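Student: What follows is a structure written as structure tokens; I'll ask about it next.
The numbers here are math on the coordinates, done by the rules we state, and not lab data. Worth saying up front: this structure is predicted, and the values here are computed from it rather than measured. Methodologically, a virtual Cβ is constructed for each residue, glycine included, from the backbone with ideal geometry; neighbour enumeration extends over all protein chains shown.
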Amino acid sequence: MAHGRATYFVTWRLGHGRPDLTPAERDDVAEALRHFNATRYKLAGYVIMNDHVHVVVEPADGERLEAIVHSWKSFTAHRFARAGSRKGTVWQKEYFDRIVRSEIEMAEKLQYMLENPWRRWPEIEDYAWLWLADE
């Protein structure tokens, strides 16, 4: 955050009435998120829930957040279709983003993501689709 680029907290959801993401689909989303990490953007963390995704991301110079999010959503939707697990619209067209304006806000967003699976499923011990950068 100190070098002047914007860092964003981004969220998007499955389309209305769509079934929850399967474990294999969550793996596909994680793969898509990490694919261009350190080239097109820098991830601070993500959590892939059963019906939505949260990401903290800093686009690289010249990269637009809208294009990055579109690539994540379109790549995963196409992969799901090729695998035969889904037909039609997967994700809602819109997404939510907010600029992370301070180290305190960054810590709050990462903590929110870290706690998200346990708020939904208090009984789980480990959650495979949660990743935070080691910094």
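Student: Using only Cα atoms and rounding to the nearest 10 degrees, what angle (0 to 90) does helix 65-83 make with the longest principal axis of the chain?
Tutor: 20
Student: Sticking with this structure for a sec: For an R0 of 35 angstrom, estimate the FRET efficiency from the Cβ-Cβ distance between Trp118 and Asp61 and round to the nearest 0.05. Can you show the working numbers first?
Tutor: Numbers: r = 36 Å, r/R0 = 1.03.
Approximately 0.45, to the nearest 0.05.
Student: Right, another one. Within a Cβ distance under 12 Å of Asp20, other residues only, what is the Lys/Arg minus Asp/Glu net charge?
Tutor: Once positives and negatives cancel, what remains is +3.
Student: What does the charge add up to near Val56, with Lys and Arg as +1, Asp and Glu as -1, over the other residues with Cβ less than 11 Å from its Cβ?
Tutor: Net of charged neighbours comes to -1.
Student: Within the set of other residues whose C-beta is less than 14 Å from the C-beta of Arg101, count the net charge using Lys and Arg as +1 and Asp and Glu as -1.
Tutor: It works out to a net charge of -2.
Student: If every alpha-carbon in the chain counts as one equal scatterer, what log10 I(q)/I(0) does Debye give at q = 0.11, 0.12, 0.15, 0.18 1/Å?
Tutor: Log10 I(q)/I(0), no solvent term: -0.38, -0.45, -0.72, -1.03.
Student: State, as an integer percentage, the relative contact order of the chain based on alpha-carbon contacts under 8 Å between residues 6 or more apart. Kindly include the intermediate steps, with their values, before the conclusion.
Tutor: Numbers: 181 pairs, mean separation 49.4, N = 135.
Taking the mean separation of contacting Cα pairs over the length of the chain, I get 37 percent.
Student: Moving on to the next point. Relative to the longest principal Cα axis of the chain, at what angle does helix 23-35 sit, 0 to 90 degrees, rounded to 10?
Tutor: Helix 23-35 sits roughly 30 degrees off the main axis of the chain.
Student: At 222 nm, what helix-only mean residue ellipticity would the chain give, in deg cm²/dmol to the nearest 500, using -39500 (n - 2.57) for each DSSP H run of four or more? It would help to have the intermediate numbers written out before the result.
Tutor: Numbers: 3 runs with 50 residues, N = 135.
For the chain, the value works out to -12500 deg cm²/dmol.
Student: Still on this structure: Nearest 0.05, what FRET efficiency do Asp51 and Arg82 give at R0 = 22 Å with Cβ-Cβ as r?
Tutor: 0.55
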